[in-house]
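For reference, the structure is listed below as structure tokens.
The values are calculated or read from the model by the stated rules, or taken from the named source; none is laboratory data. Remember, it's a predicted structure, so these values are computed and weren't measured experimentally. Note that each Cβ is placed from the backbone with ideal geometry, even for glycine, and that neighbours are counted across all protein chains shown.
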């Protein structure tokens, strides 16, 4: 009966609201002191949204944040279906996440927008002779150079040997399985420390990211929730926002999102200001979709062509040994 001790009732009220409980049911539960009233639920939601908006703005204006967005569908079935709305209940929306960058990242590390734009192939003001040479897969071998010795294995060969022993003792004959306890963990080289990252959910957007223009709307809306606006709008409307003309913003998404963002920068490359060119956007594919692209590349290079099946050392020949 104490109005100041209603933690359980508040939790149940928010739960009823999220489950789309009818207002009459909530009012009845409020009268028997099981839930808070509808007015208190709406006030609590408004308070939570205001706190979330301030948190998103503070986090975004630190410029040490990364953004991720993807589409989701909601089937909003009406309580009383009609003929006009019988097939128009599916809603295409957009969800977003904002999370801080850890591992000692500073704002100076992200202050490289002009440098990247000065080496971009879509920059119309850059001559072809000034473009950097395209890197191939061999350039990956020189990222962490090692001084090889005749009697020592290099790091990647050490790892391959560890994988071979681990697979042999795990999936091999029973004799080798008894030796599995003697295999130690591989030596870590430049290991990234494990840090828990807090994910902050952004406001859902009534946007479908199937076109380039809608991806533009999604990025602008996400940055606006983080307190980042067009510098020209900041001057005219006197907004308290930061100028990110020299910074980059990391955007995560699937491969389709990456293609649309590449199209955005290609279409807007002739614009004048860095904001209009979207040169601050740096796309980072998700690891899951990157593995999908690698699997498709393996399929087209080593499995799909019939000529690749004739060689006894081909990949499909190894597959037939595992699955006759």
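Which residue is surrounded by the fewest Cβ atoms within 10 Å (Cβ to Cβ), if the candidates are limited to region 275-288 and must be in contact with a strand residue (DSSP E or B) (Cβ under 7 Å, 6 or more places away or on another chain) and not in a loop (DSSP other than H, G, I, E, B)? Let's see the steps before the verdict.
Initial filter on region 275-288 (in contact with a strand residue (DSSP E or B) (Cβ under 7 Å, 6 or more places away or on another chain)): 280-284, 286.
Next, from what is left, pick out any that are not in a loop (DSSP other than H, G, I, E, B): 281-284.
On the way: 281: 20, 282: 15, 283: 17, 284: 13.
Only one residue fits best here, namely 284.
Checking residue 108 against (1) under 21 Å from the mean Cα position of the chain (by Cα); (2) at pLDDT 90 or above, which single condition isn't satisfied?
(1)
Rundown of residues vs (1) surrounded by 12 or more Cβ atoms within 10 Å (Cβ to Cβ); (2) touching a helix residue (DSSP H, G or I) at 6+ places or on another chain (Cβ under 7 Å), yes/no style:
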| site | (1), (2) |
| --- | --- |
| 178 | no, no |
| 189 | no, yes |
| 194 | no, no |
| 206 | no, no |
| 211 | yes, no |
| 215 | yes, yes |
| 219 | yes, no |
| 232 | no, no |
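Go through region 32-56 and give me each residue that's surrounded by 17 or more Cβ atoms within 10 Å (Cβ to Cβ) and under 24 Å from the mean Cα position of the chain (by Cα).
Correct list: 56 only.
Checking residue 73 against (1) modelled with pLDDT of 85 or more; (2) farther than 25 Å from residue 211 by Cα; (3) exposed (fewer than 11 other Cβ atoms within 10 Å of the Cβ): exactly one of these is not met. Which one?
For residue 73, the failing item is (2).
Considering only residues that are more than 32 Å from the chain's Cα centre (by Cα) and surrounded by 12 or more Cβ atoms within 10 Å (Cβ to Cβ), look in region 13-22 and name the one that is farthest from residue 76 (Cα to Cα). Steps first, please.
We begin by selecting, within region 13-22, every residue more than 32 Å from the chain's Cα centre (by Cα); these are 13, 21-22.
Checking the rest, the ones that are also surrounded by 12 or more Cβ atoms within 10 Å (Cβ to Cβ) come to 13, 21.
Working: 13: 22, 21: 14 Å.
Step by step, filter region 13-22, then rank; the result is 13.
Mind checking whether some residue in region 252-265 is within 28 Å of residue 53 (Cβ to Cβ), at pLDDT below 85 and surrounded by 15 or more Cβ atoms within 10 Å (Cβ to Cβ)?
No, the conditions are met nowhere in region 252-265.
Identify, from the list 272, 319, the residue that is free of Cβ contacts under 8 Å to residues at least 60 places away in the same chain, over 21 Å from residue 207 (Cα atoms) and surrounded by 12 or more Cβ atoms within 10 Å (Cβ to Cβ).
Only one candidate qualifies: 319.
Which condition number does residue 35 fail, the rest of (1) more than 25 Å from residue 76 (Cα to Cα); (2) out of contact with any helix residue (DSSP H, G or I) (no Cβ under 6 Å at 6 or more places or on another chain) being met?
(2)
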